[in-house]
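Starting off with a structure, shown below.
Read the figures in this text as sums done on the coordinates, not as results from a lab. Note that the structure is a prediction, hence the values are computed from the model and not measured. As a convention, Cβ positions derive from the backbone with ideal geometry for all residues, glycine included, and neighbour counts pool all protein chains shown.
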Amino acid sequence: MITVKGRTLAAKLGSSMASERTLETCSLICRHATSLMNMHIERCNGDRRGEFVGVMAWSRWVGARIGYLEKRITELVEGLNPGIGIIFTGLPAAGCVKLVLPSGVTDDMERTGIIVPTMREEL
C-alpha cells in the first residue's frame, strides 16, 4: 500500500517519477520507522510493563522488536539502493531513522542524512 509518507520519502530520495515498487518500498520503510520510533518511546516510558512477567521480560521483548525492525529497514533500503547508508539514532525527537545518500543531501539539523518520515513527526 502506497502512503503519503512513502511518496514523501521517495521525493526526498530524488525519485520524483518513482515506480510503484519504489513507492511501496518507501511506504513500508516509513511504516517500520514509525514502529521503531514507537518502540523507542516504549523503552523510555515503559507503558506496557504490566503485560510482562518482570522488567527483564519486557526489556527483552522491546530489544528484540527494535532489532527486528532495524534489520527489516536495512533490508528494504538495500533493496532500493545498496549505496544508501542508514543511521539508527534511537531518538524519536531527532528522527529514529536517517538515510545517508551518496549525493550528501541532508534535511536534518546535524547534516547527517535524510530523516525518514514517520506518522508522529510532531515529536
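Along the charge dipole of the range 11-120, Cβ charges K/R +1 and D/E -1, which of 33, 76, 114 sits furthest on the positive end?
Farthest along the dipole direction, towards plus: 33.
About the Cα centre of the chain, how large is the charge dipole given +1 on each Lys and Arg Cβ and -1 on each Asp and Glu Cβ? Please answer in debye to the nearest 20.
Roughly 200 debye, rounded to the nearest 20.
Could you tell me the relative contact order of the range 4-115? Use alpha-carbon pairs under 8 Å, at least six residues apart, and round to a whole percent.
Here the relative contact order equals 20 percent.
Round to the nearest 10 and give me the degree value, 0 to 90, for the angle of helix 55-80's Cα axis relative to the longest principal axis of the chain.
Relative to the chain, helix 55-80 is tipped by roughly 10 degrees.
Still on this structure, I have one more. In terms of Cα to Cα distance under 16 Å, which lysines are near enough to residue 71, apart from those fewer than 8 places away along the same chain?
Straight-distance partners of residue 71: 98.
Another question about this same structure. Roughly what angle does helix 20-45 make with the longest principal axis of the chain, taking Cα atoms, 0 to 90 degrees, to the nearest 10?
Rounded to the nearest ten degrees, it is 30.
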